[in-house]
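A short worksheet on the structure shown next.
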Amino acid sequence: MDEIWNRVSVRRFEKRPVEKEKIEKVLRAAMQAPSAGDEEAWRFYVIEDKELLKKLARVSPYASPAAMAPAVLAVSYDRKALRFPEFGEIDCAIASENVLLELESLGLGGVMLGIAPIRERMDAVHSLLQLPEEEEAFTLIPFGYPLGKGSSRDRFDSQKVHYR
Ligand SMILES: Cc1cc2nc3c(=O)[nH]c(=O)nc-3n(C[C@H](O)[C@H](O)[C@H](O)COP(=O)(O)O)c2cc1C
C-alpha cells in the first residue's frame, strides 16, 4: 500500500480550501476503521473558521499547524456510546491513522496533534469546539494541500523484532 510508505506529517499548507467531496472521502475512511466491539463511538468535527483555527493552534505548545491549515479535523469520542470504555482513545487513534492515509491518497496532507490523554489540552479543545458534555476530545488533524513535503524514510529495524 503506497500510502503507508509515502505519508509524512504535513504542517504547512496551500491557502486553497479542500473540496467537500474530498473531505467526505476522508470522513468515510475514518469511519471504516475497526473499533472495540464495533462501538464506533468516534465523532468528527470539520473546522474551517479562521478565528477558531487560530484558537485551536494555542491549545498546546505544538499545535501551531492548526493556524496554517485551511481546515482541521477534530476527532472526539462519546463516552456514553462506548461499550468498552477503556478503548475509546484506541478506536480514535486507529480512525486517525485512516484519516492520514486517505489524505495521502487524495494528494492532501495532515498531521496528528497530541491532545488526549493530556487533560488540560482535552478540556481546551472541548471548550473551544463546544463539544457535548458526554464527549472527550481525542486529537486535532490540520489538513490541506501540502506546501512542500518531506520524504519518508524506511523505519524498519530488525532489532525491534523478536520471535518466540
Ligand atoms: C500521538 C501523536 C501526537 C503527535 N503530536 C504532534 C503535535 O502535537 N504536533 C506536531 O507537530 N506533530 C505531532 N505529531 C506528529 C509526529 O511528530 C510525527 O508523526 C513524527 O515526528 C513522525 O513523522 P512523520 O509523521 O512525518 O512520519 C504527533 C504524532 C502522534 C502519533
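The values are calculated or read from the model by the stated rules, or taken from the named source; none is laboratory data. The model shown is predicted, which means the values in this text are computed figures rather than measured ones. Please note: Cβ atoms are built from the backbone with ideal geometry, for glycine as well, and neighbour counts cover all protein chains shown.
Specify the residue that is nearest to ARG11 (Cα to Cα); the eligible residues are those in the stretch 94-130 that are in contact (Cβ under 8 Å) with a residue 60 or more places away in the chain and in a loop (DSSP other than H, G, I, E, B). My answer is VAL111.
Would you be able to say whether some residue in the stretch 114-121 is crowded, with 21+ Cβ neighbours inside 10 Å and either away from the ligand (no atom under 11 Å from the Cβ) or hydroxyl-bearing (Ser, Thr, Tyr) (or both)? Within the stretch 114-121, none of the residues are crowded, with 21+ Cβ neighbours inside 10 Å and either away from the ligand (no atom under 11 Å from the Cβ) or hydroxyl-bearing (Ser, Thr, Tyr) (or both).
Residue check: is PRO70 more than 13 Å from the ligand (Cβ to nearest atom), in contact with a Pro (Cβ under 6 Å, 6 or more places away or on another chain), at pLDDT 95 or above and under 23 Å from GLU21 (Cβ atoms)? So PRO70 fits the description; yes. For the stretch 143-162, a residue qualifies if it is basic (Lys, Arg) and exposed (fewer than 10 other Cβ atoms within 10 Å of the Cβ), and the qualifying residues are ARG153, ARG155, LYS160.
Considering the stretch 9-24, the residues that are within 16 Å of the ligand (Cβ to nearest atom) and hydrophobic (A, V, I, L, M, F, W, C) include one that is nearest to TYR145 (Cα to Cα), namely PHE13. Could you identify the single residue in GLU136, GLU104 that is acidic (Asp, Glu), surrounded by 16 or more Cβ atoms within 10 Å (Cβ to Cβ) and touching an Asp or Glu at 6+ places or on another chain (Cβ under 6 Å)? Unique residue meeting the criteria: GLU104. So which residues in the stretch 10-57 are small (Gly, Ala, Ser) and either more than 20 Å from VAL125 (Cβ to Cβ) or loosely packed, with under 15 Cβ neighbours inside 10 Å (or both), if there are any at all? Answer for the stretch 10-57, where residues must be small (Gly, Ala, Ser) and either more than 20 Å from VAL125 (Cβ to Cβ) or loosely packed, with under 15 Cβ neighbours inside 10 Å (or both): ALA29, ALA33, SER35, ALA36, GLY37.
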